[in-house]
Structures are given as structure tokens and as C-alpha cells.
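See structure below.
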Amino acid sequence: MRPTENARPQESTPGILWLHGGGHLHGMYQKMLLPHARLLVEKYGAVVVAPEYRTAFEKPFPADLEDCYAALLFLKVHADELGINDAQIMVGGESAGGGLTVATCLLARDLGEVNIAYQMPLYPMLDDRETASSRDNHAPVWNTRTNRFAWKYYLRDLDGVTPPSYAAPARETNYAGLSPAYTYVGTEEPFYCETLEYVANLKRAGVEASVDVHPHWFHAYDMLFPFAKKSREAVRRFEEHYLHAAEHYFAPQEKRLFSQQPKAEPVKRMPDDGNRWPSAEEPSTASGATAPWRVWRVAEHPEMAEEAATWFSAKWGIPEEAYRESMQESAHADGAVVNHPVMAWYH
């Protein structure tokens, strides 16, 4: 994802690895068009790499983390080609993508190959163990039942072994050396407690971290109702923290060869199914090599609004009237409907 013509990258342009959500199980149309990533590209001229990582329906842990880390290496090695400042590599994502954000930051810290300047794990999926907010949660979209299934399926190859912190980052015991962080979370969210605990752990380790708590929000409220007043306020705060990070947080890269022995090798770096990404040792990607993401094209279909309201009501428990209220807020004064997430379908 590159900046539009009116937001050309500058020498200090951050490079952002953005990881979509979906409970490790699916992309849900790549988490409804990656609205946070698109905002940073279109409004602030950031360059975003958004990998289409393998989900648990294809392969369980650690396949998705391998893909995310491969994309992180790509971002560093091709910094000049992408037009980014390699001292400002950031990682972010929503939900399971937020959990992968933290896991990628942990892996990068331990391997010592990429220095990450900032992390933005929004309402992240971090803990396979039930917490006070995920134990008896019956909120729409994501709740106790869906959370249990997702973790069980994602970790199915571990055969009862305690998951490593790369799979469930809430199990990490050492948070020192991680990059500064910003996140937000809703109080009705299953991930409410683990998000607050993650921020607290970072602070205890001396890492700058902050969290905004939104009362009465269920999971992904900001994506389902992006034009609601409180969603717009959340986006404004997200922008403020991003701009502060772009101005103040830097993590210069060490000038060492990737072929040198890493500090640790907790997961395989490359996929083992023959679908091989360009590695960090191959900065000049061979012709025909597959990049670790796809370019998505989007079209607006306002006529799908009613069908979308019915679908969300049946699939995720979103009341149709509440959805239609959000749709009404998504209209300009002249009546033209703006790009509401579920109106955009991939083709």
C-alpha cells in the first residue's frame, strides 16, 4: 500500500507492517479493508506492507507468524526501494492481527534482526487462557464461544503442550526491550483484560505504553460503526499517537548481515510448503518470486447495504437497527454514501 499522489513519501516516511485480524482463522475480507492502514497511507503518506498470511484453516501456529516475520524482513531489506526510513519500522494490527503484532515484536527482539520503532496492537488477541473479560462473555462479534474455538484450532498442533509466548503473547514473562506501544480496547470486549495487562507489563518493564478504554464497546465496534461519534474519536486518538510516534520514536537498524547466527531460532523462518517468500538474504528479489502479500482492489456497492445489515445481524449478532443507524451516519450532507467497510467487496 503506497501513498496517493497528494501524499508522496518523504525521506522520513515510516514503514508499517500491518496485520489483519480474523481470530487467526480467516481474513474476514482482510478485516474489512484494513481501515487503519489505509488511513495512514492516504492521509499521512506512510508505506504499508500488509501480508496475506496463512490462517489456521490452512496451517496452525506458527505458520502465520512465520509469514508476518518474513514480511517484516522484506520491509527492512527493501526500505530504500519502498522509500521508507528504516529507523522507523512500525508494526500494527487489529484483534488477532494485534496479537500477531506483539508476537512479531517479541520474535524481532529475540532474533535481533530487525529493530522496531513502535507497535500499535489494537484490541489484541493475546491470551489462550480465559480472563475475567473472556470467561463469560456473550457480546456480539467475538465472545467466549468463538474465542475458545479460535484458540483451540490455532494451537491444535501443540498437543497439550503449554503454548510459547510467540503463540500466546500474554504468556511472555520478559517485556524488556520491546518497542513503545499504543492500543485501545472496549469494556465489553473479550480482550479487555489481556489488553490492559499487556500495557501494564510493558510499563513495569520500563517501556512507554498507553491505552484508551472505550466504555460499552464490543469487539471491532470501530470497524462495524466507523462513522459513529465515538468511533471517530477513537480514530482521532489513534492518529494523534501515530503522529507522536512518527516524530519521536526511532530504532536505527544494525548494519549486520542476516546470514550471521541469530540470537535464537524459536520458529522456522520460511514456510515449509514450497510457497517460499524472498528471504532477507535475497534483497534483490529474483524474477517471478512471490511477494508475501497481494494488492487488493476495492469497489463500492451501496446497493448492498440492506443485505449487509441482514448478514451482520445473522452472522455476528449486530442488531439491524443499530447497523442502519451507523449507515445513516455514513452519509455526507449531500446524501452521497461514503466508503462504508461492508459496502466494499473484493474482486
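Among the residues here, SER95 qualifies as assigned by TED's automatic domain parsing to the domain that holds TYR184 and surrounded by 23 or more Cβ atoms within 10 Å (Cβ to Cβ). Only a single item in (1) of a type outside the set (D, E, K, R); (2) over 21 Å from GLU208 (Cα atoms); (3) under 20 Å from the mean Cα position of the chain (by Cα); (4) surrounded by 22 or more Cβ atoms within 10 Å (Cβ to Cβ) is not met by ASN137, and it is number (3).
When ASP127, ASP136 are checked against the criterion of being under 17 Å from ALA181 (Cβ atoms) and among the acidic types (Asp, Glu), ASP127 stands alone in meeting it. The set of residues from the stretch 89-106 being more than 8 Å from the chain's Cα centre (by Cα) and among the polar types (S, T, N, Q) comprises just one member, THR104.
The values are calculated or read from the model by the stated rules, or taken from the named source; none is laboratory data. This is a predicted model, so every value here is computed, not measured. Note: ideal-geometry Cβ built from the backbone for every residue, glycine included; neighbour counts use all protein chains shown.
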